[in-house]
Amino acid sequence: MNTIKVFLFMLVVLFVTDSSALVPDSSQPQLQQLPEQWAKGLDQLQHEPFKLQQVFNEQLITLASVRFSYSNFKELNHWYNERRTRLLSSKHKIKNIQQINLDDGKTRLIFEYVIEEQGIDEPIHIFRLKEDWLIDVSQNGQPRVVEMTESYLSPVINSGAQIQC
Amino acid sequence: MLNIKVFTMKGFKKVMLVNVFILSVIFPVSLLANSLPVYKGVGGDFQMDSTLDKKVSLSDFSAKIVLLSFGYTNCSDVCPVTLSFLNNALNALDISEAEQTQVLFVSVDPDYDTIAHLQKYLSYFNDSFIGLTGSKNDIEKAVKLYNIRYSKTSEIQVSTDYRKNKISKDHEKNHQMHHSNHDTSSLYSHSTYIYLLDKKGEVRGVFDTTTAVDTVAQSITSLLKESEGL
């Protein structure tokens, strides 16, 4: 009897801690690739402002259908309006992606996003950002970003006059 | 490419110049491509009391390249090492470059570090160093802009007798003593970043005392040349 109780207890523990079971396995690779695909879309310079969603969808057309739902992207709009037309190049690095599976079919992706962009008559600008995305995967396993939070990271000690992105 | 037959060196040079012009029009490359990068998300203007005996803003130093660090005078190791490092960086420059560079040291301990005490402390390292401090609000604003983390290590106060005596021994002949009214001070832990700011106040380098002194000096030289359009 005690053995059965222990066994049942272990099953419960496994079910509770293995929250990845609440996010479909088929979504896992898509989720991990989301940041990279989004960043690649932003690197492209030929797209006009306010077509971010379209750019992103084009990038992900072979992986998933993703729609942004956000309310406060003033900085992104400003960036598009003010800087995009003056950019010569833009590249990025995505680092340290952490996935935290939540209840009710949502998951969080937290990662470091470093952007390096060169504008006309300007030195290279480096942005080191922490991204925190809330993603809904409850609709047919297709990831849908519902919230994006972005903040600057502390600077990295630069041991030389070299760009460390 | 232009199709010009070249029979002489003069003709060859003309062709090369034309080709370079055409390429620069087709493929515009920023002349600042090899400059120090601009680090976004950190930096900004702030105002504080200074060892110039007046309130100053960081933007008041826009005619110079600025090396900005944060600490406090009762710091036993990191701050003296940082200030010595900054002195060495200035000494690695030629005279005119050093004159165009300003070291600013922000004290996060306004309780102990009066302006007069900061003045005496910094003169121990280099007479040109300027100290800044202010109200808690002034300091909070500055540390937030520059991602500086600092905190009191404990509420226990430590004696400053040794430091008081050390400074008085070095300066007793020609300098009037200026000390805080307190004989004890708090200990703080704090970030050790050294920020390099250009004449627009943008952050162009983030160093600490593990950075080679020559690297800092070369970065300053690079920014001075950039500001002159070279």
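If DNA, RNA and ligands are ignored and the probe is 1.4 Å, what is the ranking of B:Ile115, A:Ile120 by accessible area, most exposed first?
From most accessible down to least: A:Ile120, B:Ile115.
For the stretch B:108-125, take each phi angle, set θ = phi - 60°, evaluate the Karplus expression 6.51 cos²θ - 1.76 cosθ + 1.60, and give the result in whole Hz per residue in order, putting x for glycine and proline.
9, 10, x, 5, 9, 7, 6, 4, 4, 5, 4, 4, 5, 4, 6, 5, 5, 9
Which whole number gives the average, over all residues in A:119-128, of C-beta atoms from other chains lying within 10 Å of the residue C-beta? Don't skip to the end; give the middle numbers.
Values: counts 3, 3, 4, 5, 14, 8, 5, 6, 4, 4.
If you average over the peptide's residues, the count of other-chain Cβ atoms is 6.
Given H placed 1.01 Å from N in the peptide plane, which residues other than close sequence neighbours of A:Gly119 have an amide H under 5 Å from its amide H?
Counting only residues 5 or more places away or on other chains, the set is A:Leu88, A:His125.
When the distances between all Cα atoms of the stretch B:186-230 are binned every 10 Å from zero, what whole-number percent does each bin get?
The calculated distribution, bin by bin, is 24, 46, 21, 7, 2.
State to the nearest 20 debye the size of the charge dipole of the stretch B:110-154 about its Cα centre, where the only charges are +1 on K and R beta carbons and -1 on D and E beta carbons. Before the final figure, lay out each step's value.
Numbers: 6 positive and 5 negative charges, 43 e Å.
For the stretch B:110-154, the charge dipole is close to 200 debye.
Based on the Cβ-Cβ distance from A:Glu150 to B:Ile95, what FRET efficiency comes out when R0 is 56 Å, to the nearest 0.05? Working shown, then result.
Details: r = 45 Å, r/R0 = 0.80.
Here the calculated transfer efficiency is 0.80.
In peptide A:148-156, what is the residue-averaged number of other protein chain Cβ atoms found within 10 Å of each Cβ? Please report the intermediate quantities before stating the final value.
On the way: counts 0, 0, 0, 1, 5, 3, 9, 13, 2.
If you average over the peptide's residues, the count of other-chain Cβ atoms is 4.
Quantify how strongly other chains surround peptide B:35-44 by giving the mean number of their Cβ atoms within 10 Å of each of its Cβ atoms. Mind showing how you got there, number by number?
On the way: counts 4, 6, 13, 8, 9, 9, 9, 5, 1, 0.
Average neighbour count from other chains, rounded to a whole number: 6.
The values are calculated or read from the model by the stated rules, or taken from the named source; none is laboratory data. A quick note: this is a predicted structure, and the numbers were derived from the prediction, not measured. Reconstructed Cβ throughout: ideal geometry from the backbone, glycine too, with neighbour counts over all protein chains shown. Accessible surface is based on the protein model in full, side chains and every heavy atom, while ligands, DNA and RNA are left aside. Shrake-Rupley method; radii C 1.70, N 1.55, O 1.52, S 1.80 Å.
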